Every structure is written in C-alpha cells, then in structure tokens.
Amino acid sequence: MTALVANSAESLQSAIGELRDLWNQHKFLRISIKAGKDRSIPQNAITHVWYEQIARELREDNALGWKCYCKLHHGVPILRTEDDEFRGTYDAVIKPLSYEQKLIAMRCWPVTSLMTKEQLSKYAEAIQADFVPRGVRLEFPA
C-alpha cells in the first residue's frame, strides 16, 4: 500500500501525480483519506518521555525495550481491533514469531506511527493502567 501525505501545495501536486501514475498502471485504486493530523507532537512526545521514566524506575529493561513492550502489549491490540489491513499484515508476518522475536520486531514495525489521536490516547491510557500496579505513575503534563 502506498501512503501519501499532502501538507503543502507541492506535496498535494506530488500526491495527485502519484495517483495518476498508479491509475494509469493499474486502472483500479482503492483510496482511503484521513483529513487532519493523525496525532499531535505533544502526544507523541509524552509516550517517549514515559518510556524513559519506565526505564529509570523499572531497570530490567531500557527505554527502547519498554517502548517495544508497550507497542506489542498495548499498541498492537488497538490497531488489530480497529484496522483490518494492519491486522491482516500483523497476523501474517509477526503473529507467528516467538514472543522474544515479536519484541525485536517492534523496534522497526510501525505501530504508534499509524495511530490516530484517539488511538494514541487509548494507547497512553493503557500504558498508564499497566504500570500503576507496578508502582510507576505516568502522568500527562498539566
């Protein structure tokens, strides 16, 4: 699947050109359009601050390890539930792997970068709920 982003007049022209080329090549296109930004920079920054905090408080892994854990345990279920294409690809490629291999795959496998603002909010809330019983309080900035 080709993902196109139009966030300027020039990128819109490039996207139209890409669509035209794909049409000429295949004579069939299925287009899904998401208007508006999928997520905010502050939302994204919060989760990365949290991975660092978790690593400082729970030293059995580093920030990257906790990021992979969170993506696998919290992000993947959200996207598998709400995105048929993600579920099909994940189930074919990642699901058959061992748990350790899945964690390694999360280093490169897009999860949170595919999320909308609403999905990223669910993701953040799931992370908070997971780590409260472990004694890690993850807070949203005031």
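The values are calculated or read from the model by the stated rules, or taken from the named source; none is laboratory data. If you're wondering where the values come from, they're calculated on a predicted model, not measured in any experiment. When we count neighbours, we look across all protein chains shown, and the Cβ atoms used for this are built from the backbone with ideal geometry, even at glycine.
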**Request:** Would you be able to say whether some residue in region 21-28 is without any contact (Cβ under 8 Å) to a residue 40 or more places away in the chain, out of contact with any His (no Cβ under 6 Å at 6 or more places or on another chain), surrounded by 11 or more Cβ atoms within 10 Å (Cβ to Cβ) and more than 23 Å from Leu4 (Cα to Cα)?
**Result:** no
**Item:** Checklist (1) at pLDDT 95 or above; (2) on the phi < 0 side of the Ramachandran plot applied to Gly135, failing item
**Value:** (2)
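Here are some residues: Tyr90, Tyr123. Which one is buried (at least 19 other Cβ atoms within 10 Å of the Cβ) and of a type outside the set (A, V, I, L, M, F, W, C)?
Testing whether each residue is buried (at least 19 other Cβ atoms within 10 Å of the Cβ) and of a type outside the set (A, V, I, L, M, F, W, C) leaves just Tyr123.
Quick one: which helices (runs of 4 or more DSSP H) lie wholly within region 58-142 and hold at least 2 residues that are free of Cβ contacts under 8 Å to residues at least 12 places away in the same chain and farther than 19 Å from Lys34 by Cα?
Details: elements: 63-70, 76-82, 84-93, 99-105, 117-131.
In region 58-142, the matching helices (runs of 4 or more DSSP H) lie at 84-93, 99-105, 117-131.
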